[in-house]
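For reference, the structure discussed in these notes is given below.
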Amino acid sequence: MTPIDAALLRELPLPNHESSDSKEGRGTVLVIGGSVEVPGGATLAATAALRAGAGRLQIATCRSLAAVIGVTLPEALVMGLPETFAGGIAPYELSRLMARANHANAVLIGPGMTDADAIRGMVCGVLSEVDGPCFVLDAGALADLVSHPPAREALARHAGRVVLTPHAGEMARMIGISRAEVEADPLQAGRRAASLLQCVVVMKGAHTHVVSPQGEAWLFDEGTVGLATSGSGDTLAGVIAGLLARGTAPLRAAVWGVFLHGHAGNRLMRHHGGIGFLASELLAEIPSVMSEAMH
């Protein structure tokens, strides 16, 4: 496996934005996420996308949350969608959402979403109807990707343009094995999912693996246990989405995203200790870590 470090990133530069670039030149991210129970997941991911350099931000979330998220994150256009009885985003009013998604450069689905049936409909609907952007699927959006034929068929339309970001439990559910099996050989699990679904896989854990659909693998083993905290995965998914929006290829965006997320955690560890810092505190560290890695 190739180590994910500063030397590797020098060989994989990010898009170079000119000083005259407009916000459109740095790309649009659409984050589809949030639920009545977990309203903050979409906000964390969306903020992370901006911190990674995306130029425009849009969020689609539950209607009852839209105003609160809009005030919390005034940089975003926020679209309120109908809610299910369980407090998730209902998938039956997708026409408005499709118009936004088709004009985005990157679409992130999943952070903070909790209604499994609604998520399945949302993922299948968006992947089946939207053409053009790259995608990041995180958290609840990862469920049933292998076992649900409509999801696999929808995903196949975007082969090579999708990044999946599972932890061990999500990977186990996604490919139908036990969590213990995933934890015993996370690289093999990542390779299996990447091959089956023809996606880039970020297999999160104490050591994080990035795997290409062809089975190539990269390893980040410089992280801190402090990253194992609520909202950390939402932040990572948002960083990757932001890099995709800027025009970074999916595999490169995944490698850079893992590095930026990990080293943001390392900075907080030096200032605050090994555990106890918050996922929201990672956000402000991302731009400076990125700037240092680029130079």
Out of LEU243, LEU236, sole residue that is closer than 20 Å to PRO133 by Cβ, crowded, with 18+ Cβ neighbours inside 10 Å and touching a Phe, Trp or Tyr at 6+ places or on another chain (Cβ under 7 Å)
LEU243
In this structure, is GLY70 without any contact (Cβ under 8 Å) to a residue 12 or more places away in the chain and not charged (D, E, K, R)?
yes
Report those strands (runs of 3 or more DSSP E) wholly inside the stretch 1-83 carrying at least 1 residues which are surrounded by fewer than 17 Cβ atoms within 10 Å (Cβ to Cβ).
77-81
Identify, from the list VAL225, VAL210, the residue that is under 30 Å from ILE286 (Cα atoms) and either surrounded by 22 or more Cβ atoms within 10 Å (Cβ to Cβ) or modelled with pLDDT of 95 or more (or both).
VAL210
Are there any pairs, at least 6 apart or on different chains, whose C-beta atoms fall under 7 Å, with the first in the stretch 176-190 and under 19 Å from HIS148 (Cα atoms) and the second of a type in the set (Val, Ile, Thr) and modelled with pLDDT under 95, and if so, which?
GLY176/VAL146; ALA189/ILE175
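Rundown of residues vs (1) hydrophobic (A, V, I, L, M, F, W, C); (2) crowded, with 20+ Cβ neighbours inside 10 Å; (3) over 20 Å from ALA42 (Cβ atoms); (4) in contact with a strand residue (DSSP E or B) (Cβ under 9 Å, 6 or more places away or on another chain), yes/no style:
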| position | (1), (2), (3), (4) |
| --- | --- |
| PRO111 | no, yes, no, yes |
| ARG120 | no, no, no, no |
| LEU127 | yes, yes, no, yes |
| CYS134 | yes, yes, no, yes |
| ALA151 | yes, yes, yes, no |
| ALA156 | yes, no, yes, no |
| ALA159 | yes, no, yes, no |
| VAL162 | yes, yes, no, yes |
| MET174 | yes, yes, yes, yes |
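The values are calculated or read from the model by the stated rules, or taken from the named source; none is laboratory data. Since the structure is predicted, the reported quantities are computational estimates derived from the model, not experimental observations. Virtual Cβ from ideal backbone geometry, glycine too; neighbours counted across all protein chains shown.
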